[in-house]
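In what follows, a structure is listed as structure tokens, so that the remarks can point back to it.
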Amino acid sequence: MNIGLSGRTALVTGSTQGIGRAIATRLAQAGAEVVVNGRTAARVDEAVTRIAADVPDARLRGIAADVADDEGAAGLIAELPDVDVLVNNLGIFGAVPVLEIDDAEWRRYFDVNVLAGIRLTRAYLPGMMDRGFGRVLSISSDSAVVTPVEMVHYGVTKTAQLAVTRGFAKAAAGTGVTVNSVLAGPTHTEGVEDFVAELVGDDLPWDEAQRRFMREHRPQSLLQRLIEPVEIANMVVYLSSDLASATTGGAVRVDGGYIDSILP
């Protein structure tokens, strides 16, 4: 299949590292003009430089803004009033016993993992609908379906993200715009390396730590390894293209078979 995104503008939130940067890189390779986003100009500039090195002919922009904040989101939207592809990738996670999570932390997780995507979708979806094309993708998680005991607050926000996606997809019905979630499984990112160290100890070589983490904390995985960010990005590029025109309102799995269900 020939996936070409030339002429499309894509915004990827939280794209200075990990899954977000991999998504931005693959979208650039597919020909899209990609807007890299992060909270600080230094991190955004560094990510743009790294992506440009990997994709020499990439069309890239960087916008530093905290989209989990009202002002930050408004500033980004003012600078970038229209996009063809919106990837709500920004997210936070961390291991905390559920009885120790206070109200402020619940609110912080909701603001970052749910409300940031709602703000941007609400801003960009009407223009997509008017133009008859658009793709909204939210990077969710297997934790939306299999609530992890060590981070219930994260799982709850990812479950909410699925419902938000379905609701916006209904609002865009019949317009040529699709709205989907991507259920990412346990993925190898910088943040996950720290998370793995928290759970299995930081005195083990990475390969051994990864195997122990999957064996003890994610034994349901059929892949039996962490997913690489580019594997998530490949699905996002497909869903961003014309080829995915009949896929909307869904939760598409790139979970390594982690979710023990025929359907999400």
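The values are calculated or read from the model by the stated rules, or taken from the named source; none is laboratory data. Not measured: the values here are computed from a predicted model. Every residue, glycine as well, gets a Cβ built from its backbone with ideal geometry; the counts of neighbours run over all protein chains shown.
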Any residue in segment 184-196 that is modelled with pLDDT of 95 or more, hydroxyl-bearing (Ser, Thr, Tyr) and outside any loop (DSSP other than H, G, I, E, B)? no
Restricting segment 212-244 to residues that are part of a helix (DSSP H, G or I) and of a type in the set (S, T, N, Q), the one surrounded by the fewest Cβ atoms within 10 Å (Cβ to Cβ) turns out to be ASN234
Of (1) buried (at least 20 other Cβ atoms within 10 Å of the Cβ); (2) within 16 Å of GLU150 (Cα to Cα), VAL192 fails just (1)
Q. Taking the condition at pLDDT 95 or above, closer than 18 Å to VAL237 by Cα and part of a helix (DSSP H, G or I), does ALA10 pass?
A. no
Of the residues in segment 18-51, those that are part of a loop (DSSP other than H, G, I, E, B) and either of a type outside the set (S, T, N, Q) or modelled with pLDDT under 95 (or both) number 4
Residue hits (segment 245-258; farther than 17 Å from ASN88 by Cβ, in a loop (DSSP other than H, G, I, E, B) and under 18 Å from the mean Cα position of the chain (by Cα)) are ASP255, GLY256, TYR258
Among the residues of segment 76-107, the number that are in a helix (DSSP H, G or I) and under 21 Å from the mean Cα position of the chain (by Cα) is 5
